[in-house]
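Asks: This structure is in structure tokens; I'll ask about it shortly.
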């Protein structure tokens, strides 16, 4: 794992890890909502659901939550750097918009993982990785803004790809709802970010 650059960190709310016994494994019952379109094959030999405080879930739901938690930590930290360093108010406004969308999602994802896989719960700090910080640190003015926009577009496109996969293979209603929201919100933001690149 790349070392985080501590000077570029932002504080996030830490979720407490509940102390509960491992939930029993059971097949979904009639109370579990069905989907209008069956998911494609996931590579899971049996679609065994695990019960939990956020409803039954599949390994794909947990994997998506873990990947999206990592993604949101990075994006939130990038947004914080842009708010501090960009001289362009439009860029700073977009960075705040990204944070406003992703911070509540980060908190919700953390609560799922606290219930499902407590060891995966994130710490209270999001930081830009050393690699990303090395790309941003020497840049100024428009060069900084363009690199930030490129990094955020790439991050959004990765999140959309993960969310589409979750929509096809996942099962938990709360996770599927978030995946759908991420596709819509970040798809719009990608279009806005690309327009900002084309317009100084």
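Asks: Would you mind ranking 107, 177 so that the residue whose beta carbon has the fewest other beta carbons within 10 Å leads the list? Can you show the working numbers first?
Replies: On the way: 107 15, 177 10.
Placing the least packed residue first, the sequence is 177, 107.
Asks: Please compute the length gained on full extension between residue 70 and residue 96, using 0.36 nm multiplied by the number of residues separating them and subtracting their Cα-Cα distance. Walk me through the numbers on the way to the answer.
Replies: On the way: separation 26, 0.36 × 26 = 9.36 nm, distance 1.88 nm.
Result: 7.5 nm gained on full extension.
Asks: Provide the FRET efficiency to the nearest 0.05 for the residue 168-residue 139 pair, computing r from the beta carbons and using R0 = 35 Å.
Replies: Numbers: r = 38 Å, r/R0 = 1.08.
So the FRET efficiency works out to roughly 0.40.
Asks: Taking other Cβ within 10 Å of each residue's Cβ, how do 193, 176 sort, fewest first? Walk me through the numbers before you get to the answer.
Replies: Values: 193 22, 176 19.
In increasing order of surrounding Cβ atoms, one gets 176, 193.
Asks: Using 0.36 nm per residue, how much length does the chain from residue 117 to residue 197 gain when fully extended, once their Cα-Cα distance is taken away? Spell out each step's value before the answer.
Replies: Details: separation 80, 0.36 × 80 = 28.80 nm, distance 3.95 nm.
In short, 24.8 nm is gained.
Asks: Rounded to the nearest 0.05, what FRET efficiency is calculated for residue 154 and residue 63 with R0 set to 22 Å and r the Cβ-Cβ distance? Can you show the working numbers first?
Replies: Details: r = 21 Å, r/R0 = 0.93.
Efficiency, from the Cβ-Cβ distance: 0.60.
Values in this text are rule-based calculations from the coordinates and carry no lab data. In this text the structure is predicted, and so the values were computed from the model without any measurement. All Cβ positions, glycine included, derive from the backbone under ideal geometry; neighbour counts span all protein chains shown.
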